[in-house]
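Worksheet: one structure, shown below.
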Amino acid sequence: MEKFLNKWEILITIIISITSIFLAIKANEMTKIQTEVARNSSLPNIQVVEKNLINEKTGKTDDSIIQISNLNGRLNNYESRIVTFLKCSYLDNKNNVYEEEIPIFNYYIIGRQVGILKAFWKKKITGKNSNKIKKDDGKKILQYNDSDSSLYVEIESYLCVSYIDILGEKHRIYYLTDVFESKLITEKEGQNKFEIYDKLFSLNEGID
């Protein structure tokens, strides 16, 4: 009987130890989940919109702007950078399509910011450069269009936003923007576009 009780006490001790370890693991997992939920609720919610500024009197486009807004959460050390390309698509008389992106230097040249940390918005403005591209280069582009081939162009910008959240973690996110849609892209794709731009800028290969 005494041996049986000793074995039973050992078994109970083992069960209690295992249960304690299990509860500790679950408590640690719960803490991680709560921390992640709190972290996500405090993260900034960045919204990026590109649009044309329409002159109310003439009804024509006066300028192009990119508006960056933080809708929620706190951030520190906010920085942003934009590079712009003239994307060209050429269709020859054999229906072959060729595409090329030409950097536009000094396109978005004006920046305005209101607010800090949590609630802020920032605008990047071309300073009439969008109209210059459409007016001057638009005429040059038309000369490449004929009955057998055509050239189509559009302006695309890539935005990099970096900031530090309230937990001290650094974030870097990339967007592709145009007047129809602004969307997140992968960090690899974003870095590639900025590297191409910087390389061509160093060679002065682009439109200023």
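Computed from the coordinates by the stated procedures, all read-outs in this text should not be read as laboratory data. Computed from a predicted structure; not experimentally measured.
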Legend entry - Over the range 168-208: Kirkwood hydrodynamic radius from C-alpha pairwise inverse distances, Å: 12.0
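Please work out how much length the chain gains when fully extended from Lys51 to Lys94, using 0.36 nm per residue of separation minus the C-alpha to C-alpha distance, in nm with one decimal.
Details: separation 43, 0.36 × 43 = 15.48 nm, distance 3.54 nm.
Stretched fully, the Lys51-Lys94 segment lengthens by 11.9 nm.
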